[in-house]
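Colleague: Structure below; questions to follow.
The values are calculated or read from the model by the stated rules, or taken from the named source; none is laboratory data. Computed from a predicted model, the values in this text were never measured in an experiment. Cβ coordinates were reconstructed from backbone atoms using ideal geometry, including for glycine residues, and neighbour counts include every protein chain displayed. For accessibility, only protein heavy atoms count, side chains too; no ligands or nucleic acids. Shrake-Rupley method; radii C 1.70, N 1.55, O 1.52, S 1.80 Å.
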Amino acid sequence: MSKTILITGATDGIGLVTAKALLQLPQKHHILLHGRNPKKLEKINQELSALGKVTTYIADLSSVDAVKKFAEAILSKHEKLDVLINNAGILNSPNSITKDGLDIRFMVNTLAPYFLTKSLLPLLNHGRVINLSSAAQASVNMKALIDCYEPLSAMDAYSQSKLALTMWSFSLAKTLGNNGPIIVAVNPGSLLASKMVKESFGIAGKDIGIGADILVRAALSDEFMAASGKYFDNDLGEFTDPHPDSLNDEKCDAIVSAIENNFHV
């Protein structure tokens, strides 16, 4: 059965490879491609439209207002969304603080996916939300999450943002229960050959198809039917426990409360 699947950060890296893989499946899925750069997105649109049905959306996920407008555009144009893959992520940036006064890693990696997921719940119903986590996870500085009170190094902010993403995934999955989509956090694989890895670590990285394969499985396979509120570590090839903070319900709920109370989601 054909599904409508939204992939953020789909103009390169794991997002792009995943989109290509999904479009080449016999089910003829409709892929909603998100990108930040209009020219790059148009080029990818032309390339992937030859493979199947594609719709593109431009949005700067470092902007709270842009994310909200992005969600409104999806809501206005689609009656149903089967899968949301929150893939877009950032580690290094020439400007680490956004125009809203937030650390760009927390905004793009944690807050934007939360805003999108909450906004698109009416379309997702019993669909799936796949949140790209990471093997790099560190306890969250709550002040840094909401207002950059304590500036962090790029890697510290990235690791904390990925744990915060994992924690809200668990909390929201618990809150929604059977009344919402499957929400799963996935580490697609460490040091894959993405632009982020090449620019940040100066290495070619491992086959990026490793990451795309697990995202396709998470989006479509029966293997993930009962995965809501779980974490899949593709380095290990199995569901496992992430950082200990993710297993603390009070800490997970505190992440959600901080987001909700400070950003009026």
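Colleague: Considering only residues that are open to solvent by 10 Å² or more (accessible area, probe 1.4 Å) and either touching a Pro at 6+ places or on another chain (Cβ under 7 Å) or not hydrophobic (A, V, I, L, M, F, W, C) (or both), look in segment 114-126 and name the one that is nearest to ASP222 (Cα to Cα).
Modeller: Step by step, filter segment 114-126, then rank; the result is HIS126.
Colleague: If I filter segment 243-259 for residues that are part of a helix (DSSP H, G or I), modelled with pLDDT of 95 or more, basic (Lys, Arg) and crowded, with 18+ Cβ neighbours inside 10 Å, do I get at least one hit?
Modeller: yes
Colleague: Within segment 18-48, which residues are of a type in the set (A, V, I, L, M) and either open to solvent by 50 Å² or more (accessible area, probe 1.4 Å) or outside any helix (DSSP H, G or I) (or both)?
Modeller: Hits for segment 18-48 are LEU25, ILE31, LEU32, LEU33.
Colleague: Let me ask another. For the structure I just gave you, tell me whether SER96 is touching a Lys or Arg at 6+ places or on another chain (Cβ under 8 Å), hydroxyl-bearing (Ser, Thr, Tyr), open to solvent by 10 Å² or more (accessible area, probe 1.4 Å) and at negative phi.
Modeller: yes
Colleague: Identify all residues within segment 115-149 that are charged (D, E, K, R) and farther than 18 Å from GLY177 by Cβ; write none if there are none.
Modeller: Of everything in segment 115-149, those that are charged (D, E, K, R) and farther than 18 Å from GLY177 by Cβ turn out to be LYS143, ASP147.
Colleague: What number of residues within segment 127-145 are aliphatic (A, V, I, L, M), open to solvent by 10 Å² or more (accessible area, probe 1.4 Å) and more than 29 Å from LEU81 (Cα to Cα)?
Modeller: Qualifying residue count, segment 127-145: 4.
Colleague: Here is a follow-up. If you go through segment 132-186 one residue at a time, how many are under 21 Å from LEU121 (Cα atoms) and in contact with a strand residue (DSSP E or B) (Cβ under 7 Å, 6 or more places away or on another chain)?
Modeller: So the answer is 13.
Colleague: Then there is this: Pull up segment 249-265, narrow it to residues that are free of Cβ contacts under 8 Å to residues at least 24 places away in the same chain and within 21 Å of the chain's Cα centre (by Cα), then point me to the one that is nearest to PRO113 (Cα to Cα).
Modeller: Top of the filtered list is GLU260.
Colleague: Which one is surrounded by the most Cβ atoms within 10 Å (Cβ to Cβ) among residues in segment 55-77 that are assigned to a strand (DSSP E or B) and β-branched (Val, Ile, Thr)?
Modeller: Per the stated criteria, the residue is THR56.
Colleague: If you check VAL67 against the conditions, is it of a type outside the set (Ser, Thr, Tyr) and within 17 Å of ALA88 (Cα to Cα)?
Modeller: When the stated conditions are applied, VAL67 passes them.
Colleague: Does ILE208 satisfy the criteria of being out of contact with any His (no Cβ under 6 Å at 6 or more places or on another chain), open to solvent by 50 Å² or more (accessible area, probe 1.4 Å) and at pLDDT below 95?
Modeller: So ILE208 does not fit the description; no.
Colleague: Consider VAL17 against the criteria (1) more than 23 Å from LEU124 (Cβ to Cβ); (2) over 18 Å from the mean Cα position of the chain (by Cα); (3) of a type in the set (A, V, I, L, M): it satisfies all of them except one. Which criterion is unmet?
Modeller: (2)
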